[in-house]
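Novice: Could you have a look at this structure, given as structure tokens, before my questions?
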Amino acid sequence: MIYFDYAATTPVDKRVIKSMIPFLNEKFGNPSSMHSFSSDTKKALEKSRSIIAKAIKANPEEIVFTSSATESNNMALKGIAFAKKSGHILVSSIEHDCVLNAAKWLGKNGFEVEFLPVDKYGIVDPKEVEKRIKKNTILVSVMHVNNEVGTIQPIEAIGKICKKNNIYFHSDAAQSFSKTPINITNIDLLTISSQKIYGPKGAAALFIKDGVKIEPLLHGGGQERGLRSSTENVPAIVGFAKATEIAISTMDKEQERLTKLRDKIIEKLTKEVPNCYLNGHKTKRISNNINVRFSHIEGEAILFMLNSYGIAVSTASACSSPKLEPSHVLSAMGLKQEEAHGSIRISLGRMTKESEVNYLLKVLPEVVKKLRDISPHK
Amino acid sequence: MNYSKEVLKHFSKPHNYGKIDNYDGLGRVGNMACGDEMFVYIKVKDNIIKDIKFETFGCVAAIATSSVLTDLAKKKTIEDALKITRQDVVDALETLPPIKIHCSVLAIDALSEAVYNYYTKNKLPISKELEEKHNQIIKRESCHL
């Protein structure tokens, strides 16, 4: 099987596994204990925090470890909302479900929630943010890179507007961290995750800028400066830090390599397969994301047929969703339902080889043709 | 999506797909916006479905149910073909995920519409039941039955 679903999750790098093993074996102590068993884990925990802080040019005290990007995003939205107690929250309409659903929940619980539109490429216009800011706006949340169509959002410009208006700005960087540079100058809260960068599942972080007032979601023993009680998942956090080190040190080269492969796939599919179109922006796009649509055939069928050829991709087509609803991202971009149905996402990663890309480019046009032969529309 | 082996078998090698150019009846149901659309073509001789083909836009389940429906209906008298139920289609596929049951309904509707079209074209008497079913199908607005 060839894996083209790195945006969903990544395999754990062997060097990362190696770094974690001692903390699953002899170095098992609870970092909060007083005896010698805890000193190694406590040190490892703080070292990991420094590595991750450095990767985004933050201070170690500004990093709070969590269990997932979903938790970090929930913490950012609800934590700020609970600290402010009331107010208006602006969220982009193409956020990951964990941001959207946290925002909708806040909307049902006394907060005023508004969704920002996007253009046909899936990009938020900073002017739309400025236009919607009100006296009682407490938080703006716009993701750095969209998980479905890979578009890079103008978060620096949006951050500036928020700063000028004295409003907290949160960005979900689960898809961009260690893949493209992030400038946190005007960002108050940033979500990053381990499982998207060849680290283990179960570790993520929320950057909370010094001075930002936030309420914790988990109350207990007061770990993470009282912001996230729970015994720290040291093995996963150590792995997260190792994964960060590796990814940051190879970022520029890897970005260049993947951009070439990405553009080769986009070019070949959109030029050589009839009625194939790119979803999202051609250049304002993360290096590992390709999202294309094929007229007259359906995404779930494409996915299963590719799977039978040994290729794994993903789709947000309505037929593949538990509620049979089309992708909220493609809908927000203005795609008609029949256009959204035929969309698939191909995401590349560290293990992607040119030969794998060539195999995909050989098989995918055949699959499209086969399904179009079955379809009443050609 | 958890599909049975039989569903995946029909999906990867569908039976009887394509057009019948000089068809006697054509049933068209569903639409592109809903995510599944089926065309069923029939060729009738001596009240028997001599040939049947389908064209389907849709997911794995939509293609597999179309394929299995054509197998079930082929060589049957029109009356027997109209007796094929949603459960017959599901059973022939071992099982279908509950969320995909509407695909089996769509396949049966497509066949019933093909027969309706054949009767209308040939000015043959149409039973009250078939007439009612036809009216239901063309009035249907929601995507997922």
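Novice: Read through the list (1) of a type in the set (Phe, Trp, Tyr); (2) within 12 Å of chain A (Cβ to nearest Cβ); (3) surrounded by fewer than 23 Cβ atoms within 10 Å (Cβ to Cβ); (4) over 14 Å from the mean Cα position of the chain (by Cα), then give the number of the only condition that B:PHE11 fails.
Specialist: (3)
Yes or no, residue by residue, for (1) within 14 Å of chain B (Cβ to nearest Cβ); (2) part of a helix (DSSP H, G or I); (3) in contact with a Pro (Cβ under 6 Å, 6 or more places away or on another chain):
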{"position": "A:LEU258", "(1), (2), (3)": "no, yes, no"}
{"position": "A:CYS319", "(1), (2), (3)": "yes, yes, no"}
{"position": "A:PRO322", "(1), (2), (3)": "yes, no, no"}
{"position": "A:SER331", "(1), (2), (3)": "yes, yes, no"}
{"position": "A:LEU335", "(1), (2), (3)": "yes, no, no"}
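Novice: Looking at (1) surrounded by 24 or more Cβ atoms within 10 Å (Cβ to Cβ); (2) in the same structural domain as A:GLY122 (by TED's automatic domain parsing); (3) of a type in the set (Gly, Ala, Ser), can you tell me which one A:SER230 breaks?
Specialist: (1)
Novice: Hand me the list of helices (runs of 4 or more DSSP H) wholly inside the stretch B:78-123 holding 3 or more residues that are hydrophobic (A, V, I, L, M, F, W, C) and under 30 Å from A:PRO322 (Cβ atoms). Quick ask: steps written out before the conclusion?
Specialist: Details: elements: B:78-82, B:86-92, B:101-121.
Answer list for the stretch B:78-123: B:86-92, B:101-121.
Novice: I want to confirm something. Restricting to the stretch B:68-127 and keeping residues that are touching an Asp or Glu at 6+ places or on another chain (Cβ under 7 Å) and at pLDDT below 95, which single residue is farthest from B:LYS53 (Cα to Cα)?
Specialist: Result: B:CYS103.
Novice: Of all residues in the stretch A:1-33, which are of a type in the set (S, T, N, Q) and either over 25 Å from the mean Cα position of the chain (by Cα) or surrounded by 18 or more Cβ atoms within 10 Å (Cβ to Cβ) (or both)?
Specialist: Of everything in the stretch A:1-33, those that are of a type in the set (S, T, N, Q) and either over 25 Å from the mean Cα position of the chain (by Cα) or surrounded by 18 or more Cβ atoms within 10 Å (Cβ to Cβ) (or both) turn out to be A:THR10, A:SER19, A:ASN25, A:ASN30, A:SER32, A:SER33.
Novice: Just give me the residues in the stretch A:101-138 being crowded, with 20+ Cβ neighbours inside 10 Å and either among the hydroxyl-bearing types (Ser, Thr, Tyr) or under 19 Å from the mean Cα position of the chain (by Cα) (or both), in sequence order.
Specialist: A:ALA102, A:ALA103, A:LEU116, A:VAL118, A:GLY122, A:ILE123, A:VAL124, A:THR137
Novice: Given the residues A:ILE155, A:ILE63, A:ILE80, A:ILE89, which is the only one that is surrounded by 15 or more Cβ atoms within 10 Å (Cβ to Cβ), within 15 Å of the chain's Cα centre (by Cα), hydrophobic (A, V, I, L, M, F, W, C) and more than 23 Å from A:SER343 (Cβ to Cβ)?
Specialist: A:ILE155
Novice: Check whether at least one residue in the stretch A:7-23 is in contact (Cβ under 8 Å) with a residue 12 or more places away in the chain and farther than 23 Å from A:ALA247 by Cα, and report yes or no.
Specialist: There is no residue in the stretch A:7-23 that is in contact (Cβ under 8 Å) with a residue 12 or more places away in the chain and farther than 23 Å from A:ALA247 by Cα.
The values are calculated or read from the model by the stated rules, or taken from the named source; none is laboratory data. Just so you know, these numbers come straight off a predicted model, no measurement behind them. Positions of Cβ are backbone-derived with ideal geometry, glycine not excepted, and every protein chain shown enters the neighbour counts.
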